[in-house]
1. Suppose the filter is within 20 Å of the chain's Cα centre (by Cα), open to solvent by 30 Å² or more (accessible area, probe 1.4 Å) and away from the ligand (no atom under 14 Å from the Cβ); does Ser259 pass it?
2. Which condition number in (1) open to solvent by 70 Å² or more (accessible area, probe 1.4 Å); (2) at pLDDT below 95 is the one that Tyr338 fails?
3. What tally of residues in region 230-251 results from selecting those that are within 21 Å of Val337 (Cα to Cα) and outside any loop (DSSP other than H, G, I, E, B)?
4. Restricted to region 67-93, and to residues that are in contact (Cβ under 8 Å) with a residue 24 or more places away in the chain and in contact with a Leu (Cβ under 8 Å, 6 or more places away or on another chain), which residue is surrounded by the fewest Cβ atoms within 10 Å (Cβ to Cβ)?
5. Mind checking which residues of region 131-188 are more than 19 Å from Arg34 (Cβ to Cβ), among the polar types (S, T, N, Q) and in a strand (DSSP E or B)?
6. Would you point out the residue of region 311-325, among those that are hydrophobic (A, V, I, L, M, F, W, C) and not in a loop (DSSP other than H, G, I, E, B), that is nearest to the ligand (Cβ to nearest atom)?
7. Cβ-Cβ under 6 Å, sequence separation 6+ or interchain: first residue in region 272-283 and in contact (Cβ under 8 Å) with a residue 60 or more places away in the chain, partner assigned to a strand (DSSP E or B) and among the hydroxyl-bearing types (Ser, Thr, Tyr). Which pairs?
8. Are any of the residues in region 341-350 buried (at least 21 other Cβ atoms within 10 Å of the Cβ) and more than 14 Å from the ligand (Cβ to nearest atom)?
Amino acid sequence: MKRLTWLLGAVAFIACIADANAQAPVGPVALTVRLPNPGQKLLFVDEVMPVKPGPLTLYYPKWIPGDHTPDGEIEKILGLEFTAGGKRLEWHRDELDKFTFLLTIPAGADRLDIRFEFPARDRITANLMDLTWDNVALYQAGSPTKLQMYEPTLVIPADWKFAAALETAKRDGATITFKPVPFNTLVDSPVIAGKYFRSVDVTPTGASVHRYLDMVGDSESAVKISDKQIAGFRSLVEQAQALFHSHHYDSYHFLVTLSDHTSVGGLEHHQSSDDRARSGSKMFADADHFMLDGSLLPHEYTHSWNGKFMRPAGLWQPDFEQPERAGLLWVYEGLTVYLGDVLTVRSGLWSADT
Ligand SMILES: [Zn+2]
């Protein structure tokens, strides 16, 4: 009996240690992404990760939040190289999962250098970039992404401006250093940058939490927005507050890309949205184009509440390798389509007739 008690105690202790290892924090990982020549549309990634000797499994983000499908752009990455202790390491791809990389850290090494390139033809032009961090980072298996800290650095042309929900630690010419964030926050925080840039504060009068309409475009005329259109977006923030009676961010950035040469669509985030106008550089040019893209920002903004702050349990993931279970997508996406359209009208971005 006594022996059994001891045995059970030992098993519980070992289980506890194993659990602690599974939850072990990772980092900080220094992640540097460089865009030396926008015309080349090629991002250079350099990731320095603290590691321990022995087997290591790394993942490339697979299930991208908001896409609800395993569409991480693994097939695009080029020139992948791992170095530790001054030596280039051998690596293997998991036979059943192309997003999983297996390697062994040699004795005595405490950091792993990861390098690769990512061509982003649909996200970069000679004058702008729309960066999503899930394209440009690997992370460790076995620890939730909220426990993996990243220190992101971005190197872009020195005359470009930028916007993101990330907090900037400093900018020195071409180099922007952001404050450290967990990996899931990084993936949730895209950056727009470009030569033709405009940021408008759309915080309603009297509100203390700031909301920004940040725009990057192909030309100076693409980011030319009228006072009436700006008033519509300020009204959107007011109407959303009236509808939800709450918001769940420290500040919010609408990150709008106005280009005829990038992919179109929108992706929701907790403190920002990645909005790529269907009318491209003409979104603000006239009433017809503006009507076409009218519900894009209201839809993605609604997701900060429905989809990010609150989400069906099956659509929550501890990391980007675990699948999303989309049975309640009609709540996540269907309700957002409905409420987003209601807000588009209430804010005056669409007329009642539209
Ligand atoms: Zn949506």
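1. Details: within 20 Å of the chain's Cα centre (by Cα): yes; open to solvent by 30 Å² or more (accessible area, probe 1.4 Å): no; away from the ligand (no atom under 14 Å from the Cβ): yes.
So Ser259 fails the test.
2. (2)
3. Count: 13.
4. The residue in question is Asp67.
5. Correct list: Gln140, Gln148.
6. The extreme case among them is Leu315.
7. Arg276/Thr257
8. Of the residues in region 341-350, the ones buried (at least 21 other Cβ atoms within 10 Å of the Cβ) are 343-344, 347, 349.
Then drop every residue that is not more than 14 Å from the ligand (Cβ to nearest atom), which leaves 347, 349.
Checked against the condition, which is being buried (at least 21 other Cβ atoms within 10 Å of the Cβ) and more than 14 Å from the ligand (Cβ to nearest atom), region 341-350 yields at least one hit.
The values are calculated or read from the model by the stated rules, or taken from the named source; none is laboratory data. No experiment lies behind these values; they were computed from the predicted model shown. All Cβ positions, glycine included, derive from the backbone under ideal geometry; neighbour counts span all protein chains shown. SASA here: full protein model, heavy atoms, side chains in, ligands and nucleic acids out. Shrake-Rupley method; radii C 1.70, N 1.55, O 1.52, S 1.80 Å.
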